[in-house]
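For reference, the structure is listed below as C-alpha cells.
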Amino acid sequence: MASYTYDHFRTVLKKLGFEKIRSEKHETWRKDLLNGTILRVRISHQHGKDIPNWLFHEMLRQAGVDKAEFQRVLND
C-alpha cells in the first residue's frame, strides 16, 4: 500500500478547493459545498511525515473523497 504524507494531503485539499482557515496546534481546512454542507479537515503540522493508515482514512472521510479520487487528484 502506498504511503501518503501530510504535504500530499495539503496538495489534494488545495486542488479540491479547500481553504486553510486556522493554523494553531493543527491546521483546519474548510470547503463550503453548494448544498450548504461545510467540510472540515484537521491536519497535523508534520509536513513530510507519513500519515498513519487509520488517520488517512479518517481525513478522507472528513474531506468527502475516497482513496481513488485522492490518488487521481494528487497525480493531476
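What residue, among those in region 1-22 that are assigned to a strand (DSSP E or B) and without any contact (Cβ under 8 Å) to a residue 12 or more places away in the chain, is nearest to Q71 (Cα to Cα)? If you could, list the steps in order and put the result at the bottom.
To start, the set of residues in region 1-22 that are assigned to a strand (DSSP E or B) comprises 5, 19-22.
Checking which are without any contact (Cβ under 8 Å) to a residue 12 or more places away in the chain leaves us with 20-22.
Details: K20: 21, I21: 24, R22: 25 Å.
That would be K20.
How about region 32-49: which of its residues are surrounded by 14 or more Cβ atoms within 10 Å (Cβ to Cβ) and either more than 18 Å from F18 (Cα to Cα) or out of contact with any strand residue (DSSP E or B) (no Cβ under 7 Å at 6 or more places or on another chain) (or both)?
Scanning region 32-49 gives a single hit, S44.
Within region 31-55, which residues are modelled with pLDDT of 95 or more and part of a strand (DSSP E or B)?
If the condition is that a residue be modelled with pLDDT of 95 or more and part of a strand (DSSP E or B), then K31, D32, I38, L39, R40, V41 are the ones that fit.
Residue under question is T28, and the condition is that it be of a type in the set (S, T, Y), touching a residue at least 12 places away in the same chain (Cβ under 8 Å), assigned to a strand (DSSP E or B) and within 15 Å of A63 (Cα to Cα); does it hold?
Considered against the rule, which asks whether it is of a type in the set (S, T, Y), touching a residue at least 12 places away in the same chain (Cβ under 8 Å), assigned to a strand (DSSP E or B) and within 15 Å of A63 (Cα to Cα), T28 comes out as yes.
Report, by residue number, each residue of region 62-76 that is under 17 Å from Y6 (Cβ atoms), free of Cβ contacts under 8 Å to residues at least 40 places away in the same chain and in contact with a strand residue (DSSP E or B) (Cβ under 9 Å, 6 or more places away or on another chain).
Within region 62-76, Q62 is the sole residue that qualifies.
The values are calculated or read from the model by the stated rules, or taken from the named source; none is laboratory data. Since the model is a prediction, treat every value here as computed from it, not as a measurement. Here the Cβ is made from the backbone with ideal geometry for all residues, glycine too, and neighbour counts use every protein chain on show.
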